[in-house]
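The values are calculated or read from the model by the stated rules, or taken from the named source; none is laboratory data. Only a predicted model underlies this, so the values are computations on that prediction, with no experimental measurement involved. Virtual Cβ from ideal backbone geometry, glycine too; neighbours counted across all protein chains shown. Heavy atoms of the whole protein, side chains included, go into the accessibility calculation; ligands, DNA and RNA do not. Shrake-Rupley method; radii C 1.70, N 1.55, O 1.52, S 1.80 Å.
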Amino acid sequence: MNVLVVGPSITRTKGGMATVIQEQMNNDVLKAENKLTYLVSHVEGPAYEKVYYTLHALSYILLHSRKFDIVHLHVATGASFYRKSLILRLSKWLGKKTIMHMHGGYFASFYNDSRPAFKKFIQRTVAQCDLIIVLSEYWESYFKTTFHRVARVEILRNGINVESYQQCISLDTTYTHYLLLGRLGKNKGVYDLLQAINRIVNEQKLTYLHFYLAGDGDIEQVKEIISKQQLGNNAEVLGWVDTSAKKEVLKKVETVLLPSYDEALPMSLIEAMSCGKVIISTKVGGIPDLVRDQYNGYLITPGDVDALMERILYVNKHPDEMQVFKQRNMEVVEADFNLKKINIKLNELYKSLMK
């Protein structure tokens, strides 16, 4: 098949979607049976560039429609959804099979907070898709129950190249080093984590614990809180880390934290689990598909600082139990989130659309 893959710039966009797309475009299984062409529809930058890339994507599809059979759109929420809606409608008008691959962890709130006219637009757009790809059982249920006219919904989990993260397996069994890997802001629970760290260090005096915070976003605000609460010896803000730097910091930690309020299926957790990190996260989106509470990690309610602190301390005080979690996490990723297996399923989905 000839597949046109549409999404944000891989080189100028940060986050899990860009990682997923890059792995898709480089995958030998997909390239063996399909001709994949990548079309950039968005870049991080000034408004005129964003408009240019959207118009360029639309004109490319109009001028080169004979060159592809399937349009595979990688979609988030907000402006990303509306941009891809225009591309979807043009592609359908040209007679192409269309896929919307939903990555946005905030899609439910995006839809619920929209005005009635925009809700109707979203409903009609979803109904036009030949296939909606979602990342977990939670999102499969959401789309089927919310959008009754949706034609077809399939789960395709995010996956990683498992072998590339084996170098990040830590031999340390003290469980004193923790990492938050995600955009620094309220939605990722960063300020909840800072409250927990403050109580751990300044109230309980457990100054041997160390926390790394890696991501873009509210970097200066987070640094200011760390300074005011005198946490500089225990909390280190790394800013945005590329793949190489991310692997280096993963080698230093035994536990990864993500106390988010909304998520789809976080790549950061899959990457961490593949190299045996214990996970402390929340019961939102597709995270329960990754982490079973008290089996291979811990899930708390978003905003529950007490529970977050308790789980951090429990991990530190029960290293033998955590070694079992470590092994389970590597087994879970190998079984269900190995990119080789996932791309075989994606290839079958492409074939099914053309039957």
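A few comments on the model shown:
- Of all the criteria given as (1) open to solvent by 10 Å² or more (accessible area, probe 1.4 Å); (2) in contact (Cβ under 8 Å) with a residue 24 or more places away in the chain; (3) hydroxyl-bearing (Ser, Thr, Tyr), the one not satisfied by Ser274 is (1).
- Number of the condition not met by Leu184 [criteria: (1) farther than 24 Å from Gln22 by Cα; (2) at pLDDT 95 or above]: (1)
- Residues that are aliphatic (A, V, I, L, M) and surrounded by fewer than 21 Cβ atoms within 10 Å (Cβ to Cβ) occur in segment 171-178; there is at least one.
- Set side by side, the residues Glu154, Glu203 differ, and just one is closer than 23 Å to Ser136 by Cβ, more than 16 Å from the chain's Cα centre (by Cα) and not hydroxyl-bearing (Ser, Thr, Tyr), which is Glu154.
- Every pair of residues 6+ apart whose Cβ atoms lie under 7 Å, when the first sits in segment 201-217 and is more than 14 Å from Gln229 (Cβ to Cβ) and among the aromatic types (Phe, Trp, Tyr) while the second is open to solvent by 10 Å² or more (accessible area, probe 1.4 Å) and in a loop (DSSP other than H, G, I, E, B): Tyr208/Thr176
- Qualifying position, being among the aliphatic types (A, V, I, L, M) and either more than 22 Å from Leu206 (Cα to Cα) or out of contact with any Gly (no Cβ under 8 Å at 6 or more places or on another chain) (or both), among Leu258, Leu313: Leu313
- Members of segment 309-331 that are within 27 Å of Arg157 (Cα to Cα), open to solvent by less than 20 Å² (accessible area, probe 1.4 Å) and either β-branched (Val, Ile, Thr) or within 21 Å of the chain's Cα centre (by Cα) (or both): Asn329
- Boolean, Thr207 is closer than 20 Å to Cys275 by Cα, assigned to a loop (DSSP other than H, G, I, E, B) and open to solvent by 10 Å² or more (accessible area, probe 1.4 Å): no
- Criterion violated by Leu250 - all others in (1) closer than 15 Å to Lys186 by Cα; (2) crowded, with 24+ Cβ neighbours inside 10 Å satisfied: (1)
- Qualifying positions in segment 211-236 - crowded, with 17+ Cβ neighbours inside 10 Å and assigned to a strand (DSSP E or B): Phe211, Tyr212, Leu213, Ala214, Gly217, Ala235
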